[in-house]
Amino acid sequence: MRTILMIYLTEKLRMKDEEAADWYHEFIALCYATPLLGALIADVFWGKFMTILVLSLVYCCGNGVMALTSVGKWFTAGETEEEGLVSYTPQIWGPLLGLHLIALGTGGIKPCVSSFGGDQFMSSEGARVQRYFSMFYFSINAGSTIATLLTPELRSMPCMGESTCFPAAFGVPAFFMVLAVTVFVLASRWYVRIPPLGNPIVDVAKVTWTMYFGKEDPEQVYGEKKVSETKQLYRVLAIFIRSPSSGRSSSSRGVAGSCRQAG
């Protein structure tokens, strides 16, 4: 959809280039920000399966809104004539609503899909897990390539009395998304579903407080594994905290040595 989004905003919705660029970059930024929300919802509240299902339905709704509201004769805000064909200008509220729903849906499921697939394997099935991730990322890249090539072709053909066909360009991805969600739901009886494990940030804060200020043994309260992982986290953080200062000290020593040699 990104392939034709700027064209849709400027040519179909008649936005100025600056306004269209603002909306485009806001959409991209939301797509990259909402994975944080999706991961939080999956870890703390719903689990991966329900997060994928609910936010995939949001994604489908967003695609559907984009496709339906791009039918200018249904939601028209004006019209012009191009090469003997009428070109309707859709109302702006529909595409903007659709874009925000898509950003929430696609970003929300992004951190959950691949890891949910990995949950279906035993820890001893390393070769199968590696094969799964190879196929998973190949499918994503192949689908993206096909969509990048196909979407502009769908847009450029005339339909519904107009010189372009944005409803088909947005509607075909909507159809395949609905199909994917349907298959996902039909196969749900065979899935391994791991319940939400809680917020890791809150868990680290609780373990840390008990380690340094609590009266009880943290391993008895939270378990040896969680305490050990918290300590490992702080060791890694200590490396990153020391590295910049060490680098500056080395640089300072190097500069000072060069000055002494020059003197």
So S124 and L197, fully extended at 0.36 nm per residue minus their Cα-Cα distance, gain in nm 24.1 nm
Which lysines have a Cα lying under 22 Å from the Cα of K225, excluding residues fewer than 8 positions away in the same chain?
K206, K215
Please identify every one of the trypsin sites (Lys or Arg not before Pro) in the stretch 181-227 that sits in a loop by DSSP and has no more than 14 other beta carbons within 10 Å of its own beta carbon.
R193, K215
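What's the extension gain from F175 to R189 if we count 0.36 nm per residue and subtract their Cα-Cα distance?
Values: separation 14, 0.36 × 14 = 5.04 nm, distance 2.34 nm.
Extra length from F175 to R189 when fully extended: 2.7 nm.
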Could you name the lysines whose alpha carbon sits less than 20 Å from that of K12, not counting residues in the same chain fewer than 8 places away?
K73
So how do Y212, Y59 rank on accessible area, 1.4 Å probe, biggest first, that is with the largest at the start?
Y212, Y59
Solvent-accessible area per residue, Å², over the stretch 89-163 with all protein chains present [probe radius 1.4 Å]
56 Å²
Area accessible to solvent at L55, 1.4 Å probe radius, in Å²
10 Å²
I need the Debye-formula profile for the stretch 119-233: one equal scatterer per C-alpha, no solvent, reported as log10 I(q)/I(0) at q = 0.12, 0.19, 0.24 1/Å, two decimals.
-0.77, -1.06, -1.26
Name the aspartates and glutamates eligible as straight-distance cross-link partners of K110: C-alpha to C-alpha under 19 Å, and not fewer than 8 places from it in the same chain.
E26, D43, D119
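The values are calculated or read from the model by the stated rules, or taken from the named source; none is laboratory data. This one's a predicted model, so the numbers in the text were calculated from it and none came from an experiment. FYI the Cβ positions are ideal-geometry reconstructions off the backbone, even for glycines, and counts take in every protein chain you see. Heads up: the accessible areas ignore ligands, DNA and RNA and are worked out on the full protein's heavy atoms, side chains in. Shrake-Rupley method; radii C 1.70, N 1.55, O 1.52, S 1.80 Å.
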